[in-house]
Amino acid sequence: MLCELVTGFVPNRAVKQSRILLFALVFWALTTVAQAQTPMGNLHNGQTSAACRAGMQVYESDRGRQLLGEVIEADFPRLLPDWDEEPSAYEPAVEDVATLAEVKDDIEIICVLGTWCHDSQREVPRFWKILRETDNPHLELTMFAVGRSTDEAAREIMDNIGFDVSLRETYQVELVPTFIFMSDGVELGRIIESPQTTLEQDAALILAGKKSGKPGVKPAWN
């Protein structure tokens, strides 16, 4: 319509449509450039980072940064990069990795961990490496990060992001990390705090029906 007002010339419909399309493309290009130049922003707000999402929260406690809620391995390089140091030095036993690689049934592995917990910091990255080397799509890992049992602020955060029922109660967890191996909703066994042999061997024994749990543990999170 601008050219009609200025020149009195009325373009045909095809020309009008072409100009509208051109303006739309220019607007899209300018918007894309502006978004690309916008900083990622605060990772803690859960809006701009795929690592911070609904169901997971970063908690800056007096004892350092913690993750709470459902977490995935990809959360750690950006939010807790020190966790990447452990797997590089760990070499899973080849024979046990081969045994796990041959599992044909769908196995759900629930891991309840504490990012503040030294045992979790050691064992969980090792378990990631085992799964990577196993490369078995039938072994599916789901991880939940929890706070200390005495940390009221952590408990409130968990409530706010949807974990109003304690994960300790849900999975009957006493110590972290706890790896729970499930098949069709039935628990096959669990590795509690640290393995009796190695993570990969304990896992292989559980899936072979030769091992379940770790006796003599105390009902406390340290």
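Computed from the coordinates by the stated procedures, all read-outs in this text should not be read as laboratory data. This one's a predicted model, so the numbers in the text were calculated from it and none came from an experiment. Please note: Cβ atoms are built from the backbone with ideal geometry, for glycine as well, and neighbour counts cover all protein chains shown.
Shown in residue order for region 165-172 are the 3J(HN,Hα) couplings computed by the Karplus curve 6.51 cos²θ - 1.76 cosθ + 1.60 at θ = phi - 60°: 9, 4, 5, 4, 6, 4, 10, 6 Hz (x for Gly and Pro).
When Rg and the Kirkwood radius Rh are both evaluated on Cα atoms of region 73-222, their ratio Rg/Rh stands at 0.95.
Modelled spin labels at Ala208 and Ala93, positioned 7 Å past Cα toward Cβ, are 0.9 nm from each other.
Between Glu102 and Gln196, the distance separating the two model label sites (each 7 Å from Cα on the Cα→Cβ line) works out to 2.2 nm. Just the Cα atoms of region 70-152, one point each, no solvent: what log10 I(q)/I(0) does Debye give at q = 0.23 Å⁻¹? For region 70-152, the Cα-only Debye profile gives -1.19. Taken one residue at a time, the phi angles of region 95-104 give Karplus couplings (6.51, -1.76, 1.60, θ = phi - 60°) of 5, 6, 4, 5, 4, 5, 5, 8, 5, 9 Hz. Gly and Pro are set to x.
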